[in-house]
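The values are calculated or read from the model by the stated rules, or taken from the named source; none is laboratory data. All of these numbers come straight from a predicted model, not from anything done at the bench. Positions of Cβ are generated from backbone atoms using ideal geometry, with glycine treated the same way; all protein chains shown enter the neighbour counts.
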2 protein chains.
Amino acid sequence: MSEDSRGDDNNLESSRESSARSAARGEFDFIERVRRQELKRLGLTQDNSSLVRGIGDDAAVISQRAGLDTVITADLLVEGVDFDLDRFNSAPRDIGHKALAVSLSDVAAMGARPRFCLLSVGVPEARWRGPFLDEFYRGVRSLASRHGVVIIGGDTSRTPDRVVVDSIVLGEVKSGRAVLRSGARPGDLIFVTGSLGGAAAGLKILERRTAADLKTPAGAEGLSRAERRLIRRQNRPTPRVEWGALLGEKGLANAMIDLSDGLSSDLGRLCRESGVGATIRAENVPLDPALRAATADGAEALSLALDGGEDFELLFTVSPRKASRLPGRVGGVAVTCVGEATDRAGSVKLSRGEKSEALAPAGFEHFRRDGG
Amino acid sequence: MSEDSRGDDNNLESSRESSARSAARGEFDFIERVRRQELKRLGLTQDNSSLVRGIGDDAAVISQRAGLDTVITADLLVEGVDFDLDRFNSAPRDIGHKALAVSLSDVAAMGARPRFCLLSVGVPEARWRGPFLDEFYRGVRSLASRHGVVIIGGDTSRTPDRVVVDSIVLGEVKSGRAVLRSGARPGDLIFVTGSLGGAAAGLKILERRTAADLKTPAGAEGLSRAERRLIRRQNRPTPRVEWGALLGEKGLANAMIDLSDGLSSDLGRLCRESGVGATIRAENVPLDPALRAATADGAEALSLALDGGEDFELLFTVSPRKASRLPGRVGGVAVTCVGEATDRAGSVKLSRGEKSEALAPAGFEHFRRDGG
């Protein structure tokens, strides 16, 4: 249990002294390195930026500005639950990317622009000695710079045996412009960005391969181009940062949520919060092109698009009179109208041609508290 | 590794469907409950507070105000490293309290007033089914209300076998008034709040008892009043929120840090950041009264006060001309002048009477990256 730290040594001082007197201040040095790299990247020193100070201090400091709201989210990822470094052969860099991506997606789903992030990372001894943290932060930094997000802090700790990451992102949006889940109105058109089902299909490929051949971890050999694309969607999702910020800035969306657990689950949440119902047209659901290419089974593809999680696309509702103001593409990503909100609260339907059935939430959830 | 979730089931859809169709939306329901309790406590609904919206949405929303800076910190606590539920018999409520206390202490150390918190909590299946989360949040809520801190979000996730908590606190301070570690000047007087060594002594008591009798976890039986007080200092530390906010508001401190790893380590950090040295007078170090009562060994007590971590007192430096403006007590807590900053950068000394020796960092640190 605690054999690695305080556990076995009854003499607190001596263990603390010997550890510290070895002068190997690992954790501290690492955070200091992240801080210096970040300040260098920003071209600032700790004291000359009016916007950010205190990186590497007890806490980070950010200026507030009148007329803006701060949006903040935290997402916890746990090895063996949310990712699997050994089994799926995903790289530490992927974990860094994905941890940040998940939180960027949440901020985008509020119509806000992400500005700052903090990463709390717990690492077991064995990985600490290797390149894990450097690679992890490479993934974080690469995605952060793409969106102008500054790493302002976090925490690094040891864990007994698994990597855990808590990713915290702060964004900004004009006061009162944050797009909540609760703002959908009957008659609103429902849109999604990009395409669906790819991340879940990627996970299936990884699971099949590792089940079939556990000795040879999934590599690129024997995978089609489409399959590799799907795996990449699972391991390195692209949060829809530009779409989210645009919808918030222009006040185009009445309600928004990001598709982390799957369209059926997340749409259900948005409807519940808004007190509306919804009808989704099956034929309009934008399937990931690689998913189309990788499978001939149309029903399976639709099921993955409706119920598969982790696509991190945005689902949002727009008043019909505003729909024409939506741009066709933002950053190369299109949106698709998949249905509309109805006044039948709690009723979420999937229509196929003339037929219609209930669309029950079937996405992935971490936990069933009461479940068997 | 991942047998509990995605691991063993190669058929993604069916496992996701069956789990979700059981309609036991545990995680979601729990967060919803925390949200409702918090809104009720605040006497507001999600939509009528201009300060906070979005609790339970993709992210929380907080108004920015001109003339203020936001201070933000995240602290990761891991079962088996930072706390031990089974071995030390510390209650889930204690973990909730301590997780928040650690971050409140960081915000206090910036001279800021804590306003909001987010808790990311990973819980293993076995504890999820029990009262852990309710008790944990009771501990969080109790400490949060004491300081007017609002719980605005977080994440709840499953872990394979250990509890992990990431505690995020946001505070506010007048623009430019945040107290950094780097502001100490030669000649500054060095103060600490409260008293030292109690938390480390409490940990020693817990370790001895559980080592002596693993079958009977440490209870109240057989413990002196002083020993119980020391255990409480370890399990339920009191962050110096009022002192921190006051020092920031009145601009009295040039530099500040909280004593999480121990005076010798944390003072070393402050000196390094400030480019100063320091001399601490051993006879002035305020020992925890319960520590005095519990041990006759003065050298051991001083060692715990200098090197023992987790007291969560504040250490700050003040220009001599401002020292008289320090209040004697704030919220019943006194401060003690323990020494002064010098112009010998990197030299941290401990003086006893006429003699003086180097005060090497000897506090607890999670990790030694290069260490044996």
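Laid out as a table, the results:
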read-out	value
Checking A:GLY262 against (1) surrounded by 24 or more Cβ atoms within 10 Å (Cβ to Cβ); (2) within 21 Å of A:PRO186 (Cα to Cα), the condition it does not meet	(2)
Matching residues, the stretch A:105-127, being surrounded by 24 or more Cβ atoms within 10 Å (Cβ to Cβ), assigned to a helix (DSSP H, G or I) and either in contact with a Ser or Thr (Cβ under 8 Å, 6 or more places away or on another chain) or modelled with pLDDT under 90 (or both)	A:SER105, A:ASP106, A:VAL107
Residue list for the stretch B:142-181, filter: within 7 Å of another protein chain (Cβ to nearest Cβ), within 22 Å of the chain's Cα centre (by Cα) and more than 30 Å from A:VAL102 (Cα to Cα)	B:ALA178, B:LEU180, B:ARG181
Those residues of the stretch B:182-204 which are at pLDDT below 95 and more than 10 Å from every other protein chain (Cβ to nearest Cβ), in sequence order	B:GLY202
Subset of the stretch A:273-306 [surrounded by fewer than 14 Cβ atoms within 10 Å (Cβ to Cβ) and of a type in the set (D, E, K, R)]	A:GLU283, A:ASP297
Residue within the stretch A:248-257 that is surrounded by 24 or more Cβ atoms within 10 Å (Cβ to Cβ) and assigned to a loop (DSSP other than H, G, I, E, B) present	yes
Candidate set: the stretch A:182-203, residues that are buried (at least 24 other Cβ atoms within 10 Å of the Cβ) and not hydrophobic (A, V, I, L, M, F, W, C); chosen: the one farthest from A:TRP243 (Cα to Cα)	A:GLY202
Tally of residues being within 10 Å of chain B (Cβ to nearest Cβ) and closer than 19 Å to B:LEU77 by Cα across the stretch A:125-141	3
Hits in the stretch A:276-304 - residues which are among the small types (Gly, Ala, Ser) and out of contact with any Ser or Thr (no Cβ under 8 Å at 6 or more places or on another chain)	A:ALA290, A:ALA296, A:GLY298, A:ALA299, A:SER303
Residue check, B:VAL81 in contact with a strand residue (DSSP E or B) (Cβ under 7 Å, 6 or more places away or on another chain), facing another protein chain (nearest Cβ under 8 Å) and crowded, with 20+ Cβ neighbours inside 10 Å	yes
Residue within the stretch A:90-105 that is more than 11 Å from every other protein chain (Cβ to nearest Cβ) and basic (Lys, Arg) present	yes
Filter result for A:THR216 (modelled with pLDDT of 85 or more and assigned to a loop (DSSP other than H, G, I, E, B))	no
Single residue of the stretch B:272-308 satisfying the filter (touching a residue at least 12 places away in the same chain (Cβ under 8 Å) and out of contact with any helix residue (DSSP H, G or I) (no Cβ under 9 Å at 6 or more places or on another chain)) that is farthest from B:GLY353 (Cα to Cα)	B:THR279
Test: residue in the stretch A:280-290 that is closer than 19 Å to A:TRP243 by Cα, within 11 Å of chain B (Cβ to nearest Cβ) and under 19 Å from the mean Cα position of the chain (by Cα)	no
Any chance A:ARG344 is within 11 Å of another protein chain (Cβ to nearest Cβ), surrounded by fewer than 23 Cβ atoms within 10 Å (Cβ to Cβ) and in contact with a Pro (Cβ under 9 Å, 6 or more places away or on another chain)	no
Residue satisfying condition, being under 27 Å from A:ARG146 (Cα atoms) and at pLDDT below 95, within set A:GLY309, A:GLY332	A:GLY309
Unmet requirement for B:ASP86, which otherwise passes all of (1) over 30 Å from B:LEU252 (Cα atoms); (2) assigned to a strand (DSSP E or B); (3) in contact with a Pro (Cβ under 9 Å, 6 or more places away or on another chain)	(2)
